[in-house]
1. Give the calculated FRET efficiency between Val78 and Ser42 to the nearest 0.05, with a Förster radius of 30 Å applied to their Cβ-Cβ distance.
2. For the chain, set up a Gaussian network in which alpha carbons nearer than 10 Å are linked by springs, and say which option among Gly98, Gly35, Gly135 fluctuates the most.
3. Given H placed 1.01 Å from N in the peptide plane, which residues other than close sequence neighbours of Ile7 have an amide H under 5 Å from its amide H?
4. Based on the Cβ-Cβ distance from Glu85 to Lys61, what FRET efficiency comes out when R0 is 25 Å, to the nearest 0.05?
5. What is the sum of charges around Glu85, taking Lys and Arg as +1, Asp and Glu as -1, for the other residues whose C-beta is under 12 Å from the C-beta of Glu85?
6. Given the options Ile95, Ile139, Ile36, which has the most mean-square fluctuation in a GNM of the chain, springs set between C-alpha atoms less than 10 angstrom apart?
7. What 222 nm value per residue comes from the helices of the chain, counting each DSSP H run with n ≥ 4 as -39,500 (n - 2.57) and dividing by all residues, nearest 500 deg cm²/dmol?
8. Where Rh is the Kirkwood radius over the Cα pairs of the range 43-127, the temperature 25 °C and the viscosity 0.890 mPa s, what D in µm²/s does Stokes-Einstein return?
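Each value in this text was obtained by applying a stated rule to the coordinates, not by laboratory testing. As the structure is a computational prediction, the values presented were derived from the model and not from experiment. Here the Cβ positions follow ideal geometry from the backbone for every residue, glycine too, while neighbour counts run over all protein chains shown.
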Amino acid sequence: MPHDIDILIEDTRWQDAGLEVLADAAVSETLSVLGIAQAELSVLACDDARISILNADFRDKPTPTNVLSWPEEDLSPVLDGAAPELPRPNPAGAISLGDIAIAYDTCAREAAEQGKPFVAHVTHLLVHGTLHLLGYDHIRDRDATRMEALEVEILGKLGVPDPY
């Protein structure tokens with residue numbers, strides 16, 4: 001098995017939406033495209049109230065957001081537009097990527113506002129969050145271009161249209 005995803009479902013709407021299947025597909029394809037054979041991560045499937053608390057605690061922004069990520073290690077490149085470092089195995093040989101939280105309410109609202117299928121939007125956000133765990137970001141222009149191109153490639157392999 002190329003990955004181990006520990007999913008904690010706090011909001012049962014995620015269970016009804018099939019988050020486990022979506023997360024498995026999004027993480028598998030992301031790791032495959034990047035050539036990473038094995039990795040582990042956790043996903044918290046929550047609501048806006050919970051993600052607001054997390055956003056306030058970790059980013060000093062007391063508002064809901066769609067997805068948050070906490071990488072196990074900083075793999076981000078020094079140069080804008082360069083590829084991030086590959087993750088390194090821990091002493092036990094495992095690659096732990098970190099944690100993702102995703103909020104049902106914001107995801108559903110954004111999908112409706114953007115006229116996108118919910119499943120496609122959530123898949124995009126799971127790919128996006130996984131890439132953040134792997135050192136990709138969108139703050140600097142060239143980093144954003146690299147990350148968005150990779151997202152489009154991964155989503156295309158999953159049959160999800162270009163979200164941009």
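1. So, using R0 = 30 Å, E works out to roughly 0.60.
2. Residue with maximal mean-square fluctuation among Gly98, Gly35, Gly135: Gly35.
3. Result for Ile7 returns Val43.
4. Values: r = 27 Å, r/R0 = 1.09.
Between Glu85 and Lys61 the formula returns 0.35.
5. Result for the local shell: -1.
6. Its mean-square fluctuation being the largest, the pick is Ile139.
7. Working: 6 runs with 76 residues, N = 164.
-14500 deg cm²/dmol, from helical runs alone.
8. Working: Rh = 14.6 Å.
It comes out at roughly 169 µm²/s.
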